[in-house]
Each structure stands twice: as C-alpha cells, then as structure tokens.
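Participant: One structure, as structure tokens, below. Some questions next.
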Amino acid sequence: MPHDIKDPALAPKGRDRTEWAAQSMPVLASIAERFKRERPLDGLTIGACLHVTTETANLMTALQAGGATVSLCASNPLSTQDDVAAHLAVDHGVSMFAVRGEDNERYYEHIRAILDEGPSITLDDGADLVSTIHTEKQELIPKLLGSMEETTTGVIRLRAMERDGELKVPVIAVNDADTKHMFDNRYGTGQSTIDGIIRATNALLAGATLVVAGYGWCGRGLAHRARGLGASVVVTEVDALKGLEATMDGFRVMPMDEAAPLGDIFVTLTGDIHVLTGRHFEAMKDGAIVANSGHFDVEIDKEALRALSTDVRTPRDSVETFVLAGGKRINLLGEGRLINLAAAEGHPAAVMDMSFANQALCCEHLAGLPERLPVGVHAVPEDIDHGVARLKLESMGVGIDTLTPEQVEYLASWKVGT
Ligand code: ADE
C-alpha cells in the first residue's frame with residue numbers, strides 16, 4: 001500500500017492504544033460487527049481526511065469490515081498520532097499519508113495522494129478533500145457518491161460553496177446530527193480543550209479567569225467544564241441570542257476589548273478569523289495564556305503577535321512565549337492550532353463513538369441508495385441519528401420509557417384542550 005508515515009516501527013504502540021480506545025466505542029463496534037456480516041461497503045473506495053487518532057483508526061477498520069478499501073490523510077498538520085498512522089498502514093493495509101508536524105506543502109501532497117486513489121466516498125474534517133476535488137480533481141466528481149463532513153467549520157465552507165452555486169457533489173453534514181454536535185462538540189471539545197491546556201501548561205484553573213470566545217456548542221461545553229474546575233469564566237460573543245444564553249447560564253459576557261485585560265487564559269472557538277489581535281495582546285496581563293480550539297489556526301492573529309514581539313522562547317512543548325516590547329509575556333499554545341489535538345489526544349473515545357457511528361452509517365446509507373443524492377448539503381437521516389442515540393444508551397445500560405398507545409393518540413390529536 002502506498003504510504004507516507006513517520007516510522008512503521010511505531011505500529012505496536014498504535015495498536016495497543018487503538019485497542020484501548022475501542023473499549024470505549026461500543027456503538028461503532030456493534031456497527032463493525034454487523035458490517036462484517038453484511039458487507040454493505042463491498043467494492044467501495046473511501047478516502048478520508050480526518051484527525052489521525054486512535055478513534056479514527058477504529059472508524060477506518062469498521063469501514064474495512066464493511067468491505068471498503070480505505071485511505072487516510074491528516075486533517076490538520078499537528079493532530080496526527082504517528083503511532084496510529086503506523087498501525088493503520090502496517091497492520092491494516094490502509095493507504096496512510098500523515099506525519100505529525102508536516103508543512104503545508106506536504107499536507108496538500110497527502111490530500112492529493114488520497115484523491116489519486118479515486119475515492120467513491122470521501123470523509124472530511126474541514127472540507128479540504130471536497131474543496132481540492134473542486135479546484136484540482138474535477139474528474140472525480142461524476143463517480144463520487146458523496147462526502148461526509150465532520151466539523152462545523154467544514155459545514156460552513158460547504159454551505160458557502162452551495163450558496164455560490166459552486167458545490168458539485170452531494171454532502172452529508174454529519175456535524176449537524178444531534179448525536180454529533182450536542183455531544184462531541186459540547187462534551188468532547190469542552191473536556192479535551194482543558195486537557196490540552198493543562199498538558200501544555202500545568203496551569204491551575206481554579207481561581208483563574210478564563211475567557212471563552214464563542215458560545216456555540218464547543219464554547220458552551222468549555223465554559224461549563226471550566227466553571228466546574230473553579231475558573232471564573234467570561235464569554236465573548238457577536239450573536240445576541242448566544243450572548244443572552246451565556247448571561248442566563250451565569251457567565252459574565254462582554255466584548256473582547258473589555259475581557260482582554262481581565263483574562264488569565266483565552267480560548268477561541270468561533271470559526272472566524274482574528275478574534276484575538278494586536279490590540280488585545282497589548283491589553284493582556286503579563287503571562288496570559290492564549291489558545292485556539294477552532295478548526296483553523298486563523299482565530300489568533302499570530303502575525304500581529306509576532307510583530308509586537310522582541311523575542312520568542314519555547315519554555316515547554318506546545319508553548320511559545322512571545323516577549324513584547326517592555327517585557328510583557330504572552331504564551332501561545334500549540335501554534336494557535338486546535339489545542340485539544342495539538343497538545344492532547346482530541347475528544348475522548350466515548351464521545352467519538354457517536355460521531356463515527358454516524359460517519360459509518362452515512363457511508364452505508366450512500367452506498368445503499370438506488371441513485372446518487374442530489375448535489376447539495378444534506379442532513380443525516382433522522383433514523384440514523386436516533387438509532388445512534390438508542391445504541392449509545394443501550395451500551396450505557398440506560399433504559400427509557402415508551403409512549404403508551406393512549407399517549408401516542410393524545411400527541412396526535414388537537415381536540416383535547418383545557
Ligand atoms: N476531533 C476531535 N477529537 C478527535 C478525535 N479524538 N479523533 C478524531 N477526530 C477528532
């Protein structure tokens with residue numbers, strides 16, 4: 001199998017860690033078991049551009065169990081776990097293209113290598129495969145059954161392509177499934193962002209002022225978990241509804257210009273550009289910690305930080321200390337890339353279980369359709385979304401009630417009132 005990985009000798013470590021993650025992915029395991037019997041993906045080539053983690057490895061082997069030939073590249077230059085890449089290449093024959101720390105050129109060489117395999121389905125986390133197909137590999141468009149998108153930023157990009165009339169393939173917005181964003185984005189990002197900050201800095205959150213930029217699902221998750229650890233949480237927003245929600249959830253809400261001098265730790269999770277820029281760095285306290293948990297490394301204006309600095313030091317892995325004129329220090333984590341994957345291991349397996357169950361079931365859905373979905377951005381079918389919730393509850397040993405016939409009838413009728 002063609003591959004570009006750091007070191008095949010890392011495979012045993014990747015295998016052990018992937019098996020460890022599998023213990024917390026019972027829904028995906030049950031799908032893989034069924035796939036093994038039914039082979040719904042026989043004959044398909046699936047190309048994936050996802051964070052190369054132990055959880056992704058379990059998704060890749062589930063797709064193989066369904067009969068697919070799979071190839072995988074990284075969806076971020078800093079998120080690859082090299083042992084996992086080795087495990088997939090060596091033990092499972094996955095065409096594997098990912099090396100932690102790869103530069104932009106190699107990152108796109110890897111994207112092209114996946115497209116050279118001629119995929120009939122693609123899986124994206126950030127829409128880089130789909131956008132490269134549209135700009136460089138349009139010959140793939142007619143045979144592409146569809147693409148799945150894992151993250152909010154990717155869905156926003158794809159909707160922009162659709163709005164501009166540029167999207168030429170069907171896409172399923174896996175991110176928008178309830179069993180994805182209500183859990184992965186909220187609990188996964190919430191916990192793993194804190195995990196990344198703590199691993200990088202060993203900072204104490206109790207008593208610290210932590211500024212959360214963006215109160216979407218990820219920001220909500222982070223704000224609540226940081227409060228649980230004793231941080232005093234400030235939220236910044238541009239959306240009135242979300243600002244109101246954060247206020248009524250008990251957080252202090254204010255513009256970033258007011259938050260900048262107050263914060264000890266800043267985290268951006270907005271999906272937008274230059275949320276923290278020069279005037280904010282100038283207003284921050286000495287020793288402020290700045291991290292990003294949004295998909296792209298554009299939320300923190302690194303150029304502005306560099307331009308203000310007279311010196312840059314690297315006191316720890318994943319920490320760059322920028323020394324501003326006058327001596328103030330601003331600590332940037334993980335090069336401004338998503339801190340939960342740059343300095344930690346990403347979301348825990350127990351939550352990726354649901355996200356990747358949706359991915360696997362959407363692959364089966366695309367493969368089983370009598371004809372290709374129309375071009376556009378589609379929702380995950382409701383039966384898949386609810387089915388994942390049911391399987392997850394079952395795996396947790398949690399039972400729920402069933403409506404009685406009388407209750408079903410009551411809900412369907414409009415005649416019974418006061
Ligand atoms: N995105 C966030 N966390 C992840 C993980 N553990 N694996 C794959 N993609 C992720």
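Participant: Which pairs turn up if I take residues in segment 1-29 that are surrounded by 19 or more Cβ atoms within 10 Å (Cβ to Cβ) and look for partners that are among the basic types (Lys, Arg) with beta carbon separation below 6 Å, at least 6 apart in sequence or on another chain?
Facilitator: What qualifies is Val27/Lys392.
Participant: Right, something else. Of a type in the set (Asp, Glu) and closer than 26 Å to Asp184 by Cα: which single residue out of Asp103, Asp83 fits that description?
Facilitator: After ruling out the rest, the residue left standing is Asp83.
Participant: Counting only residues that are farther than 12 Å from His3 by Cβ and within 18 Å of the chain's Cα centre (by Cα), which one in segment 83-100 is nearest to the ligand (Cβ to nearest atom)?
Facilitator: Val84
Participant: Still on this structure, I have one more. Using the structure shown, decide if Gly243 is at positive phi and in contact (Cβ under 8 Å) with a residue 24 or more places away in the chain.
Facilitator: no
Participant: Which of the residues that make up segment 149-186 are under 14 Å from Met354 (Cβ atoms) and buried (at least 21 other Cβ atoms within 10 Å of the Cβ)?
Facilitator: If the condition is that a residue be under 14 Å from Met354 (Cβ atoms) and buried (at least 21 other Cβ atoms within 10 Å of the Cβ), then Glu150, Val174, Asn175, Ala177, Thr179, Lys180, His181, Phe183, Asp184, Asn185 are the ones that fit.
Participant: Is there a residue being assigned to a loop (DSSP other than H, G, I, E, B), free of Cβ contacts under 8 Å to residues at least 12 places away in the same chain and farther than 21 Å from Cys73 by Cα anywhere in segment 200-212?
Facilitator: Checked segment 200-212: at least one residue is assigned to a loop (DSSP other than H, G, I, E, B), free of Cβ contacts under 8 Å to residues at least 12 places away in the same chain and farther than 21 Å from Cys73 by Cα.
Participant: Can you go through Ala48, Ala68 and tell me which one is under 19 Å from Asp124 (Cβ atoms) and away from the ligand (no atom under 16 Å from the Cβ)?
Facilitator: The unique qualifying residue is Ala68.
Participant: Search segment 330-355 for residues being hydrophobic (A, V, I, L, M, F, W, C) and touching a strand residue (DSSP E or B) at 6+ places or on another chain (Cβ under 9 Å), and hand back the single one that is farthest from Pro26 (Cα to Cα).
Facilitator: Filtering first and then ranking leaves Ile330.
None of the figures in this text is laboratory data; all of them are computed from the coordinates on show. Source: prediction; values computed, not measured. Using ideal geometry, Cβ is built from the backbone for each residue, glycine included, and neighbour counts are taken over all protein chains shown.
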